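As structure tokens, the structure follows; a few thoughts come after it.
The values are calculated or read from the model by the stated rules, or taken from the named source; none is laboratory data. Since we're looking at a predicted model, the values are computed, not measured. Virtual Cβ from ideal backbone geometry, glycine too; neighbours counted across all protein chains shown. Remember, those area values only see protein heavy atoms, side chains included, never the ligands or the DNA or RNA. Shrake-Rupley method; radii C 1.70, N 1.55, O 1.52, S 1.80 Å.
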Amino acid sequence: MTAKPEHPENILIIDFGSQVTQLIARRVRETGVYCEIHPFQSADAAFQRLQPKGVIFSGGPASVLDAGSPRAPQSVIDAGVPILGICYGQQTLCTQLGGKVEGGHAREFGRADVLIKRASALFEGFWEVGKSYPVWMSHGDRVTQLPAGFEVIATSENAPFAIAADEKRRYYTTMFHPEVVHTPDGGKLLANFVHKIVGLKSDWSMAAYRKEMIAKIRAQVGSGKVICGLSGGVDSSVAAVLIHEAIGDNLTCIFVDHGLMRKNEAEEVVAMFRGHYNIPLVHVDASDMFINALEGESDPEKKRKTIGRLFIDVFEKEAKKVGGAKFLAQGTLYPDVIESVSFSGGPSVTIKSHHNVGGLPERMHMALVEPLRELFKDEVRALGRELGLPERFIGRHPFPGPGLAIRLPGGVTREKIRILQEADAIYLDEIRKAGLYDKIWQAFAVLTNVQTVGVMGDGRTYEYVCALRAVTSVDGMTADFYPFEMAFLGRVATRIINEVRGINRVVYDVTSKPPGTIEWE
């Protein structure tokens, strides 16, 4: 007998290697429906376990014309559940059903318009027959012959089957990517697939998740003790509050203060967890150790590795002092889970190395408690609100694990940290005062390793150049600089130069982040 799935109403996303597969899952979750991503190699087992009501095939970098290129499990295609194939997903579905794909035609990368030829439940309510709509294409090969039963729903200049479907069998395919923000109505299209075609309700909520996860934590831990590595970030903080709600003072948080956080951030973390939540907290001020180790080191990757190594050493030493603890809590998110099973050497490997400073060692021999491993970042924030964490904390801009160390090119010193913390605090203060904080995805200051000669009053100065960055983004996959008014930038620059000793020039970075690049720190 097949076991009942943990989330009976769900969607399975089969990953063929697209760098934006995670966005498909985020869009589905936004409809209030639970979904999971699994690579094509293990999709058959995932399908049997999840028993999904619908399946989505992602895009991917391969060509279906190449020998050994990825394919969907035939068991999934034969199961009779609705399928949506996106880009490569369209190509492999059509190929496996007897259609034909060819290369050598005009490629489409970027914005395109699709002309709607026939009505379909896939876009019912927002696209009309005979009209054109913008989408985002990214393909070289294209389908040239549809399988039996399929009909052309929409075309584009270089994709005669931009949307094709066999509505009787509930097979739908798009050559474009509805999951990216560059397809304005893509979220609606995915919602139609999930709700109107698959027939699922919006029953995936943070209130339900909170209740379910508290029960799971209690079942896993019982009366045992749990240690949580608290970084001060949103993920570990939400995990700590959730676990504390489940097991109370059997949770001990260890906060390793490396001295590289935003101004006054360490004090705020201690006040919130000890004062407001009354959670047992060990605060270790290891800033001297970290800063001394980083002094003179200019390689950003070596900085990350140094911080990670020292963090593990300090954390492990303090964890041993908590007698009887058999469980280790971590703020692992769903993207981390996805990356751990993604294609070897794929883009996620670079991204993960870019952002993280290392994990805790297996030699600690502790069972993991990971209450956030099914959630994306925006869902973690929603759970934090459900748990009552302050909005000012929950809505904070992303902050890298290595902290200010990688926003200080060159060696790290206490003086440079002070300068950067002061400049960064002024910048964010002015952004908040202008009512812009929630309109910006990430904003921060960088203390460059460049010093310039300046004249301030009657004296000559030789001080650092401070760079400011602010970007807008919906999903973190692409970003554009925020178009501040010159008056705002002038006000910020004046405050920083006047109030922060050590800076005599301020510049604003207008770099954008196009699709396919990792975010810069």
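Would you please give the residues with an amide H less than 5 Å from that of residue 162, counting only those at least 5 places away or on a separate chain, with H modeled from the backbone geometry?
Residues meeting the amide H criterion: 154, 155, 156.
Please work out how much accessible surface residue 194 shows to a 1.4 Å probe, ignoring ligands, DNA and RNA, in Å² rounded to 10.
Answer for residue 194: close to 0 Å² accessible.
For residue 369, list long-range residues whose amide hydrogen, built 1.01 Å from N in the peptide plane, is under 5 Å from its own amide hydrogen.
Long-range HN contacts for residue 369: 328, 329, 330.
At what distance in angstrom do the alpha carbon centres of segment 373-426 and segment 271-288 lie from each other?
If you average the Cα positions of each part, the centres end up 17 Å apart.
Given a 1.4 Å probe and the protein chains all in place, what does the accessible area of residue 136 round to, in Å² to the nearest 10?
So the heavy atoms of residue 136 present about 50 Å² to solvent.
Given a 1.4 Å probe and the protein chains all in place, what does the accessible area of residue 231 round to, in Å² to the nearest 10?
That residue has around 70 Å² of solvent-accessible surface.
Using heavy-atom solvent-accessible surface (probe 1.4 Å) with all chains present, what is the largest-first order of 7, 365, 276? The partial results should precede the final answer.
Values: 7 20, 365 160, 276 125 Å².
Sorted by accessible area, descending: 365, 276, 7.
Using packing as a proxy for protection, rank 411-417, 160-166 so that the peptide with the highest average count of other Cβ atoms within 10 Å comes first.
Details: 411-417: 17.7, 160-166: 24.0.
The most tightly packed comes first, giving 160-166, 411-417.
At 1.4 Å probe size, put 432, 491 in order of accessible surface, largest to smallest.
On the way: 432 80, 491 110 Å².
Largest accessible area first, the residues go 491, 432.
So how many Å³ per residue does the convex hull of the Cα atoms of segment 405-457 work out to? Numbers along the way, then the final one.
Details: hull volume 5.9 nm³, N = 53.
Hull volume normalised by residue count: 111 Å³.
Would you work out what percent of the accessible area of the chain, with all protein chains in place, is carbon or sulfur (probe 1.4 Å)? Mind showing how you got there, number by number?
Values: 11430 of 22460 Å².
C and S fraction of accessible area: 51 percent.
What number in nm² do you get for segment 269-336 if you take the convex hull of its Cα atoms and divide its surface by four? Let's see the in-between values first.
On the way: hull surface 26.5 nm².
Mean projected area for segment 269-336: 6.6 nm², to one decimal.
Straight-line reach only, C-alpha to C-alpha below 24 angstrom: list the lysines that residue 321 could link to, leaving out same-chain residues fewer than 8 apart.
Those lysines meeting the cut-off are 225.
Taking only protein heavy atoms into account and a 1.4 Å probe, give the accessible area per residue of the chain in Å². Walk me through the numbers on the way to the answer.
Numbers: 22460 Å² over 521 residues.
Accessible area per residue, the chain: 43 Å².
In Å, the Kirkwood hydrodynamic radius of the chain over pairs of distinct alpha carbons? Could the numbers behind the result be given before it?
Details: mean 1/r = 0.0395 Å⁻¹.
Evaluated over the chain, this radius sits at 25.3 Å.
Amide H to amide H, which residues 5 or more places from residue 101 or on other chains are under 5 Å from it, using H placed in the peptide plane?
144
Per-residue ellipticity at 222 nm for the chain, helices alone: DSSP H runs ≥ 4 residues times -39500 (n - 2.57), over residue total, nearest 500 deg cm²/dmol?
Theoretical 222 nm ellipticity from helices: -9500 deg cm²/dmol.
In square nanometres and to one decimal, what's the mean projected area of the convex hull around the Cα atoms of segment 73-186? Before the final figure, lay out the partial values.
Values: hull surface 26.2 nm².
Across all orientations, segment 73-186 yields a mean hull projection of 6.6 nm².
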